[in-house]
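Working notes, beginning with the structure itself.
What follows draws every value from the coordinates through simple rules; no lab data is involved. Just so you know, these numbers come straight off a predicted model, no measurement behind them. Backbone-built Cβ (ideal geometry, glycine too); neighbour counts: all protein chains shown.
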Amino acid sequence: MKHSIIFRRSAESSETIFFDSCYAKFFSSLFPIYRGLSLEIDESRFREWEIYSKESVKAPLIVRLDGKNFRKLAGRCGFTKPFDERFHLAMMGTAEDLMTETGLNIPLVHTASDEFSLLFSRDTHLPFRGRIEKILSILSSYASSSLQNRLRESFSHHGLISFDARIVKVHMRREILEYFSWRCLESFRNFLNSYAQSLIGRRETFRMKGEEIVKELRLRGFDIHKAPQWQKYGTLIYWGQAEKRGYNPMTGEEVTVKRRRICMISIDPSSPKGRRELETLLQNI
């Protein structure tokens, strides 16, 4: 909490200085030695200045985090082109940290390239009573610090990184399905363009259609169907359940219990099978 310290030299003249509340008592003890000065504390004006602090949102919603200047980061770390599995593993690890280490109830994250999409499907999942400033600042700072640690381990990178964050407001389960289908298919578009520019050339692929790129890549010895799924569609990280054999100390019997665990999958939502998989996943979280 902030306090305003108003030094009054006369009825017409005053000077205002601001201090934290922990200092107010200390400075108050000093004021009597200055003749003609008095102390007034006005806290309400500070709350009025925080004009966005009460802006809130209700679930369901998605928070998307995008890496800032990660193209330069790729050069400094020496990422393998067009895709570096070590970097994607670092992003997956960061997504898991967001789900397990922040104390926030995040049932699903999609990560591809330098971005995360985090789902908050119910109001009970929303932290900080839905306050937008809090949600965005906490998630982006957690993601930055987690990935920075992982890049230090995997690439000996000691520079700073950052993510920007935005709210994507969805209203029903169908819109959630459409959003994550879009991000998976956007990942595929990025996959195709990345390999095309790497193996064919940026100028040569200008204005080429998708099927033309696929055909040209095949002629050059690259079959997109043999590429890893995570390169094409990114990775979905979610809370699933696993059965575990246990022992009941009261009865002495073996029992089967269900435990929550982090699961990961890559899905092609353009296929009927992939669409059903994504629908089922969303229904169970």
Checklist entry - Across the Cα atoms of region 64-158, what radius of gyration and what greatest pairwise Cα-Cα distance (Dmax) are found, in Å? => result 13.9, 42
Checklist entry - At 222 nm, what helix-only mean residue ellipticity would the chain give, in deg cm²/dmol to the nearest 500, using -39500 (n - 2.57) for each DSSP H run of four or more? => result -13000 deg cm²/dmol
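R259: net charge of surrounding residues, Cβ under 12 Å, Lys/Arg +1, Asp/Glu -1, itself excluded?
Net charge around R259: +4.
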Checklist outcome for this item: Ranked output for segments 244-255, 98-109 by mean other Cβ atoms within 10 Å, highest leading, reads 98-109, 244-255
Checklist entry - Looking at the P(r) of region 157-285, how many percent of alpha-carbon pairs lie beyond 18 Å? => result 69
Checklist outcome for this item: Cα-based Rg and Dmax for region 109-180, in Å, come out at 14.4, 43
Checklist entry - When the gyration tensor of the chain is built from Cα positions, what are the square roots of 5 times its three eigenvalues, in whole Å, from largest to smallest? => result 48, 28, 19
Checklist entry - Name the chymotrypsin sites (Phe, Trp or Tyr not before Pro) in region 174-219 that are in a loop by DSSP and that have at most 15 other C-beta atoms within 10 Å, would you? => result F206
Checklist entry - Given just the C-alpha atoms of region 219-285, how large is their convex hull per residue in cubic angstrom? => result 121
